[in-house]
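Computed from the coordinates by the stated procedures, all read-outs in this text should not be read as laboratory data. The model shown is predicted, which means the values in this text are computed figures rather than measured ones. Because the Cβ atoms are built from the backbone with ideal geometry, glycine has one as well, and the counts that use them run over all protein chains shown.
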Amino acid sequence: MTARLRLDALRQGDAEALFRYRADPEVCRYQGWRPAALAEAERFIEDQSALAEPVQAQWFQRAIRDRVDGVLIGDVGFCMADGQAEFGITLAPAVQGKGLAREALHALFGWLFGGQGIHRVHASVDPRNAPSMAMLQALGMRKEAHFRESLLFRGEWVDDVVFGLLAREWADLAAKGAGIAASR
Ligand SMILES: CC(C)(COP(=O)(O)OP(=O)(O)OC[C@H]1O[C@@H](n2cnc3c(N)ncnc32)[C@H](O)[C@@H]1OP(=O)(O)O)[C@@H](O)C(=O)NCCC(=O)NCCS
């Protein structure tokens, strides 16, 4: 739970909402997974339902819900392996720009660094994905690498930028309140 959000398991009742925002061309432009039909969203949720808890080296997807009415407004996934966690987040267009990704990731980082003892979190992003690049920087993450045309993505060689953050850096940021409070 955060001030405005609830992060929990995806349910079959979420399939339509998940499909609607995940299939949106703006939302899925730089995303590896884009469902072509509602059935794909249903299958995705079914596959995730088999995982009650995160398993090493497997992606674990959580629902991001409005805290009050429980409506699905996005999802956040992470993959823990050898003390590190990669993550990705997606929000429905109607709720973007309100600081909700920041709020959800703050909760996720707290849990990964605190409860799970993770040493480093990282994310991979297409540099043309300006909102995502800005969000990762605003969270206090460090741009660590820019690989030129290192991924073959939908038939095109694209760049890949890696952002990282260490547990001790997160603790410093949290102590200063940076990366948590909204700036706009
Ligand atoms: C990237 C994404 C999750 C951001 O979600 P969001 O809820 O709109 O982000 P927030 O409102 O929490 O913004 C956090 C910070 O990111 C930056 N930011 C987010 N969107 C921005 C935009 N469109 N333009 C400029 N800066 C932006 C800002 O610095 C912002 O902090 P501020 O509000 O204090 O200025 C959202 O745009 C999205 O779902 N995109 C499509 C999916 C995707 O590409 N995901 C990849 C994520 S790794």
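Overall, the chain carries a charge dipole of about 620 debye about its Cα centre when +1 sits on the Cβ of Lys and Arg and -1 on the Cβ of Asp and Glu, all other atoms neutral.
Database remark: amide H of Phe153 closer than 5 angstrom to the amide H of Val158 (H placed geometrically; neighbours at sequence offset of 5 or more, or on other chains; Pro and chain starts carry no H). Dipole of the chain computed with +1 at Lys/Arg Cβ and -1 at Asp/Glu Cβ about the Cα centre; of Gly117, Val27, Leu100, farthest Cα towards the positive end is Leu100. Reported value for the chain: 121 Å³ per residue, from the convex hull of its C-alpha atoms. Among residues other than Gln56 with Cβ under 13 Å from its Cβ, the summed charge is -3 (Lys and Arg +1, Asp and Glu -1). When both region 90-148 and region 1-52 are represented by their alpha-carbon centers, they are found 18 Å apart.
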